[in-house]
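Inspection log for the structure reproduced underneath, given as structure tokens.
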Amino acid sequence: MMMPANFSAVSENEMTYVMGGSVADYLAPAMGAAQWQNFHKNLITIVGNKYVQGFLDNTVGAVFSGTWTPGDGLTGFGGQFSNIWKKNYTDNVTGESTGAQKFGYGALGVVNSILNVAGNLAAIYNLGFGTAKNIVNEGKFNFPAGV
């Protein structure tokens, strides 16, 4: 019987691999710790960029809206979770849904809610480590005529 060059005939309880076998074995030499750290930082930044506006709308925007009442920010975040649950569970479950289907839709709703929290945490990371643009530095203001 012909065997590949990197095959070793061993008994079942001594099973070993002659060559690595994972993608990490091939990427590890190409990417060091600094590159992986940069990859993770960039990934968090990209996810955070998607969530920054919603986070600001539900926090700073709610407080400085001119109609703020205690709990407004929580209402915004609660609305996000209500929408996630509706899209993943409520809209999909019917009277004919089996228990397994209901469980699956519920699990999907929970996972997507957790991902939403992670996105908002990434937005907080961006706000903590980034520098916001100051529009006053642009020096472009539109004043009404006669002012």
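The values are calculated or read from the model by the stated rules, or taken from the named source; none is laboratory data. Everything quoted here is computed from the prediction, not taken from an experiment. As a convention, Cβ positions derive from the backbone with ideal geometry for all residues, glycine included, and neighbour counts pool all protein chains shown. Please note that ligands, DNA and RNA were not included when accessible areas were found on the heavy atoms of the full protein model with its side chains. Shrake-Rupley method; radii C 1.70, N 1.55, O 1.52, S 1.80 Å.
Residues in the range 84-106 that are in contact (Cβ under 8 Å) with a residue 12 or more places away in the chain and among the hydroxyl-bearing types (Ser, Thr, Tyr): 89, 105. Within the option set 123, 107, being out of contact with any Phe, Trp or Tyr (no Cβ under 8 Å at 6 or more places or on another chain) and among the aliphatic types (A, V, I, L, M) holds for one residue only, 107.
Out of curiosity, is residue 102 open to solvent by 70 Å² or more (accessible area, probe 1.4 Å), more than 28 Å from residue 49 (Cβ to Cβ) and assigned to a helix (DSSP H, G or I)? So residue 102 passes the test. Examine the range 74-97 for a residue that is of a type in the set (A, V, I, L, M), out of contact with any Asp or Glu (no Cβ under 7 Å at 6 or more places or on another chain), surrounded by 14 or more Cβ atoms within 10 Å (Cβ to Cβ) and assigned to a helix (DSSP H, G or I), and state whether such a residue exists. Yes.
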